[in-house]
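The values are calculated or read from the model by the stated rules, or taken from the named source; none is laboratory data. Just so we're clear, the structure is a prediction, and the values are computed from it rather than from any experiment. Because the Cβ atoms are built from the backbone with ideal geometry, glycine has one as well, and the counts that use them run over all protein chains shown. Only protein heavy atoms, including side chains, enter the accessible area calculation; ligands, DNA and RNA are left aside. Shrake-Rupley method; radii C 1.70, N 1.55, O 1.52, S 1.80 Å.
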Amino acid sequence: MYLSGSKWNTRKRRRRSNPWRVLGLLLLIGALLYLNSFILPETPPFFVATLVPTRSPASLVLEGESLFQAGKLAQAKLSYLEAIAIDPQNPEYYIELARIQVFTGEYAEAVSNASNAVLLDPNSARANAVLGWALDFQAFADPESASTLEALERVEQAVELDPNSALVRAYYAEVIIDDDLEAYDRAREQAEQAVRLDPNLLEAQRALGYVWERTGNYALAFEAYQNALRINPNLAVLHIAIGNMYFVQQDVQEAIRSYTTATTLAPEDVVPNQLIARAYAQVGEFGKASQFAQAAVDLQPTNPRLHGDLGRMYYKNGEYESAIASLALAIEGSADPAGSQVNFYISSPDVIHAFEIARDLQQKNILTLMCGNVDGNSMTKQLLRKGVQLGWDTRLVPLGPEVEHAIYALHWAARAGITFGGMKGGDFKKILKYSKDKVFAFAMVLGPLNDRIWTTGAGAIDMGFPAIANTDIPVVHPTGVTIYEEVEKELDPKKIVERCIEVRGLKITVSKPPIPVAFGPAFEGERIRKEDMHIEMGGQRTPAFEWLHMVDLDKVEDGKVTIVGTDAEARYKKGGQMPLGVVIEVAGRKMQKDFEPVLERKIHHFINEAQGIWHMGQRDQNWFRVSNAALAEGYVLRHFGDILTTQLKHKFNNIVDKVQVTLYVDEADVKRIHAEAQKAYHERDVRLASMTDESVDTFYSCLLCQSFAPNHVCVVSPERLGLCGAYNWLDAKAAYEIDPNGPNQPVLKGEVLDAVKGRWKGVDEFVYTNSHQSLEYFNAYTIMDAPMTSCGCFECIMAIVPEANGVMVVNRGFTGMTPIGMKFSTLAGTVGGGAQTPGFMGIGRFFLTSNKFLSADGGFKRIVWMTKNLKESFAEEFKKRGVAEGIPDLIDKIADETVAEDSEKLLAFLTEKGHPALTMDPMF
Ligand code: SF4
C-alpha cells in the first residue's frame, strides 16, 4: 500500500444524507460532550457501546453513514460498534465497520469483522468483497499474515455472487492490480465497469483512479480522483491521493494545498504532515519541511521513523545539532529528547582483535563485508597486515575505506528481495520487510562512533539489521524495526560474534573436527601458493587417489584412522611431495551403493574447509596441499582422516553409521589400491550412463530455496540437475534418505502427459501443491512452454535470442554484456523469484551436457551464444554433443563475448559460420 494513502477507500452512500440533520447531530454531539466533560463527569463515555439497547440500530447506522460522509471516521466506527453491540447478528454492521477500519489502517480488525460478516451470511457478495479488499490491504502491510491470492479468491467469489455490483467490481479491480501489475488491462476493465454500473459510487471512481495511478497514467488518475472528490469532499485520503497526483506531475504547491486540506480533515493523521514535509524538501525549503516533520513527530513522539525524517530535514537545512538529536532519537527509538543518553564521540579500544573476529566469523560461515576506518586504520588493513587472504572466496570482502561504503552492502541486501523474493524495484515496504525477515545480516560496529556512523547504522537498522558495537553506547530495545534488539553492545571482542548471532537470531551449528586449525566453509576458497606450501600430494606430481565405498557394518571400526607406509609421519614432516591414497569405508543400515559418489564428492569440501589445507579434483585426479602455517599449528597426516570420519558422520548421520579411513603413502600401495578403485569408478560410470529420465519412476524435488523464493520448486531428474548445480538426482535421493521430512521429496512421475516436452501427471500434481497453487504444470525439456521456475541460485541463465532463432547461455560471474542487451545481474532480477518465465530459464551448468537439454526445442543446436568460460569448461563434452548432433564442429559455430556482444554481430557471426539454428524451425 502506498504511504500516500492512494490505496484507500472512500465511498458515497447511495442514500444521501440530509445536511441539516447532520448539523443537528453534530451540535448534539458537541452538547453531550460538553455535558460529559464539565457537568456530568459520571456519565459513561459517549459512543461507547452499552449492553442496554437505548437506541435503535437503524438510527446508529444512519448516524454512522452521516459521520462517514462528513469524514469523521473514528466517530462513524463507534456508531457501528454500538449497532453491533445491540444486534450482533446483522452482517451489514460488520461490513460497514470493516470498511471504515480499512480507512483507519486497522487491517487485521477489518479482516476479522469482514470474516464475521461472511460467517453470518456466506452468500453476501458485499461481505466477501469487503473481506477480499481488507485482505488485500493486510497482505500489503504484512505479507506474512495474508496474501493477495486469498484476497483475489474472495473478490472473485463476490463477483460470482453478484456480477452487477459496482462496489464488488471496484474492489475486484484494486485486488487484481495489487496482485499482478501486469494484469492492468483486466483491472482497468473492472474499474471501468464499476463506473458504468454506478458513476456516483465513490469506490468506483477511486478504484479507477488507483488503477490509472499504479500504471503511471497520472493525468487520468487525477481526473478519476477528482470525480471521487466531487462525490465526497470530506475524506482526507482522497485529498492525499489528489496531492500525490499533483506531486508526481511536479506541481508541488498544489500538492501542498491538497495535503494541507487533508490535515484539516484528519488532524490526528501523521501522513499529510509527512507528505507536506516531503513536498517542501522537494523544492529545497527545508526550514518549512522540518516544521511539518516536527508536526508529525508531535503527533507520534514515539515513532522513530518520524524522528528520522525530522533529522534528515534538519540536516538538509544545516541545523546539524538538531539533526543529530533527532537521528539519535530515531536510532534509540526514544520519545524523550531530554532523557537521551546518546554520545557521539565515545572513546573505545581500536580494532586490535580484527584477526580473531574475522576468523570466528569465517568459522561460522558468515560472509563479512568490511568498510570504514578509525583514524585511517581499518579492519581490512589489519587483516592484510596479518597476511589474511581477503575476497569473496574467503568471505572477507573489503567494500571501501569510508563508512558510507556500507551502502554497497545494503544495496546488495536489498537486491536479495528483488532477485529471490520476486519483488519489484520500488516496492520499498516489501523489500524492507523481506530484508528484515529473510536477509540475516547485522552490523558489527568496531571502534568509536561519530555522527556519520550513527546515521549509516540507522540506514541498516531500517532494513531490519541490528547494530552491535564494541563500545559503551546506549542500547535500543526492540521497537519492531528489527526482530530483536536494534542497537546492542558487547565490549569483549571474544564474545562479540556470538552476541551478533544472538541479537540477529541466527541459528548456526558448527561441527569442528578434532584438528588444530580453524575449520569452516569460509576457508574453502583459500589458495596455497608454492612459497607458502609445506607438502603436496597428487596433482600429477605423485600418485594419488581418493575412493569411498560401502562395506558391511562389522568391517568398520568407527572413527579409526590408519596410516599405512614407511616413516609416514617423518616424511610428512620433512615436506615436499609424497604419494597419497585415501580409502574411506562407510557402513550404515540405510547406506546404498548409489550414495557412494555423493559422499565421495564431499571429500573436496570437507578437506578444503580446514584452514591452511587445500584440495582440488576428485577420484584419481586429486591434489592436496598443506601450508607451512597449518604445519606450524600442528596439522599432521592423520588429521585428513579425522576430518573425513567426523564430517561424513556429522553431515550424513542418517545413512552413515560408521566410517574408517586408511591413508596409503607408499607408491606401490597407492598404485595397487588405485587399480581397485579404478574398477569401482568404472562400474559407477556405467551405472550413471544408463540412468535416464525414462529409466526411473521417481524424480526428486528440492524445495530448499523456498525460504527466499516461496513458490519455487526444483524437480531433479537423472538427466536434469537442480539449477544451482548442487543437487543431481543421486544427491537428492541421498538427501531424502538423510532427512525424510526435508526439502528433497520423492516425486512419482505417474502418467506421461507429454514425452517430448517432458510432462508427467504426478510431477504436475506435486508442483501444483508445492508451489502453493501458483504453478499448474511445468515442462522439463523446453524453454518456450511453462519452463521450470527459477529461484535465483542458478549457475547459468538461458534466454531466447529471437533474431537468431536460438538461445544464449550466460554463467554467474560473467559481468559483460550479452547479445540480448542484458547483463547477468539484470537477467537474474528478471528471471528469479520463483517465477515461470517462458523464453528465460535458470539452469545448472551440467544440464548443458545432458541429452535432455532443450530436447523439445531442438537440443544443443539451439545454442547460438555462450560465454567463453562455459565453452572452455566443457570443451570435451561439447565436442561429444556436436558429434552426437551430427555436426562435429558445432562448438566452433557458437559465438561468445569475444566475437559478439550485440545481436547484429551475433547474426553476422552465425551467418558466416552457417550455424544450424538459422535454418531450424522457428522457436515461436
Ligand atoms: Fe535446491 Fe538448488 Fe533448486 Fe535451490 S536451486 S531448490 S538448492 S536444487
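Among the residues of region 427-447, which ones are modelled with pLDDT of 85 or more and assigned to a loop (DSSP other than H, G, I, E, B)?
Scanning region 427-447 gives 427, 439, 440, 441, 442, 446.
Being part of a loop (DSSP other than H, G, I, E, B), more than 30 Å from residue 306 (Cβ to Cβ), at pLDDT 90 or above and open to solvent by 30 Å² or more (accessible area, probe 1.4 Å) is true for just one of 566, 562. Which residue is that?
On inspection, the qualifying residue turns out to be 566.
When residues of region 680-717 are filtered for being open to solvent by 50 Å² or more (accessible area, probe 1.4 Å), among the small types (Gly, Ala, Ser) and more than 15 Å from the ligand (Cβ to nearest atom), how many remain?
3
Identify all residues within region 602-648 that are in a helix (DSSP H, G or I), open to solvent by 20 Å² or more (accessible area, probe 1.4 Å) and touching a residue at least 24 places away in the same chain (Cβ under 8 Å); write none if there are none. Talk me through it step by step, then tell me what you get.
If we filter region 602-648 for residues that are in a helix (DSSP H, G or I), which is where we start, we get 602-608, 628-633, 638-648.
Subsequent filtering for residues that are open to solvent by 20 Å² or more (accessible area, probe 1.4 Å) retains 602, 604-605, 628-629, 631-633, 638-639, 646.
Within region 602-648, 602, 605, 628, 629, 631, 633, 638, 639, 646 qualify.
State whether one or more residues within region 665-673 are under 46 Å from the mean Cα position of the chain (by Cα), surrounded by fewer than 17 Cβ atoms within 10 Å (Cβ to Cβ) and away from the ligand (no atom under 16 Å from the Cβ).
The answer is no, given that none of the residues of region 665-673 is under 46 Å from the mean Cα position of the chain (by Cα), surrounded by fewer than 17 Cβ atoms within 10 Å (Cβ to Cβ) and away from the ligand (no atom under 16 Å from the Cβ).
Kindly evaluate residue 421 against the criterion of being in contact with a helix residue (DSSP H, G or I) (Cβ under 7 Å, 6 or more places away or on another chain), outside any helix (DSSP H, G or I) and modelled with pLDDT under 85.
Taking the combined requirement at face value, the residue satisfies it.
If only one of 166, 255, 262, 183 is farther than 30 Å from residue 292 by Cβ and in contact (Cβ under 8 Å) with a residue 12 or more places away in the chain, which one is it?
Criteria check complete, one pass: 166.
If residue 88 passes every condition in (1) open to solvent by 50 Å² or more (accessible area, probe 1.4 Å); (2) in a helix (DSSP H, G or I) but one, which one does it miss?
Only one criterion is unmet by residue 88, namely (2).
Name the residue that is least open to solvent (accessible area, probe 1.4 Å), counting only residues in region 907-924 that are in a loop (DSSP other than H, G, I, E, B) and in contact (Cβ under 8 Å) with a residue 40 or more places away in the chain.
If we take residues in region 907-924 being in a loop (DSSP other than H, G, I, E, B) and in contact (Cβ under 8 Å) with a residue 40 or more places away in the chain, then 915 is least open to solvent (accessible area, probe 1.4 Å).
Please work out if residue 744 is within 13 Å of the ligand (Cβ to nearest atom), touching an Asp or Glu at 6+ places or on another chain (Cβ under 9 Å) and open to solvent by less than 10 Å² (accessible area, probe 1.4 Å).
Yes: the conditions hold for residue 744.
Collect the residues in region 866-906 that are open to solvent by less than 60 Å² (accessible area, probe 1.4 Å), in a helix (DSSP H, G or I) and farther than 23 Å from residue 851 by Cα, keeping them in residue-number order.
Hits for region 866-906 are 903, 906.
Please tell me if residue 800 is over 25 Å from the mean Cα position of the chain (by Cα), closer than 24 Å to residue 709 by Cα and not basic (Lys, Arg).
Yes: the conditions hold for residue 800.
Sort out which residues of region 688-702 are in contact (Cβ under 8 Å) with a residue 40 or more places away in the chain and not hydrophobic (A, V, I, L, M, F, W, C), and write them in order of number.
Scanning region 688-702 gives 692, 693, 697, 698, 700, 701.
When region 718-739 is examined, which residues are found to be more than 9 Å from the ligand (Cβ to nearest atom), modelled with pLDDT under 85 and open to solvent by 50 Å² or more (accessible area, probe 1.4 Å)?
Answer for region 718-739, where residues must be more than 9 Å from the ligand (Cβ to nearest atom), modelled with pLDDT under 85 and open to solvent by 50 Å² or more (accessible area, probe 1.4 Å): just 739.
For residues in region 818-847 being touching a Gly at 6+ places or on another chain (Cβ under 8 Å) and in a loop (DSSP other than H, G, I, E, B), which is surrounded by the most Cβ atoms within 10 Å (Cβ to Cβ)?
832
Would you point out which residue out of 155, 168, 195 is within 32 Å of the chain's Cα centre (by Cα), assigned to a helix (DSSP H, G or I) and of a type in the set (A, V, I, L, M, F, W, C)?
After applying the criteria, what remains is 155.
Please identify the pairs in which a residue from region 703-729 that is over 30 Å from residue 430 (Cα atoms) has its Cβ atom under 6 Å from the Cβ atom of a residue that is at pLDDT below 85 and near the ligand (Cβ under 7 Å from one of its atoms), counting only partners at least 6 apart or on another chain.
Listed pairs, sorted by first residue: 716/727.
Residues in region 504-521: is at least one under 30 Å from residue 474 (Cβ atoms), part of a helix (DSSP H, G or I) and of a type outside the set (Phe, Trp, Tyr)?
Yes; the residues of region 504-521 include at least one that is under 30 Å from residue 474 (Cβ atoms), part of a helix (DSSP H, G or I) and of a type outside the set (Phe, Trp, Tyr).
When you scan region 287-295, do you find a residue that is surrounded by fewer than 21 Cβ atoms within 10 Å (Cβ to Cβ) and touching a residue at least 60 places away in the same chain (Cβ under 8 Å), even just one?
Among the residues of region 287-295, not one is surrounded by fewer than 21 Cβ atoms within 10 Å (Cβ to Cβ) and touching a residue at least 60 places away in the same chain (Cβ under 8 Å), which makes the answer no.
Being touching a helix residue (DSSP H, G or I) at 6+ places or on another chain (Cβ under 8 Å), within 14 Å of the ligand (Cβ to nearest atom) and not aliphatic (A, V, I, L, M) is the filter here, so list the residues in region 771-811 that pass it.
Hits for region 771-811 are 778, 790, 791, 792, 793, 794, 795, 796.
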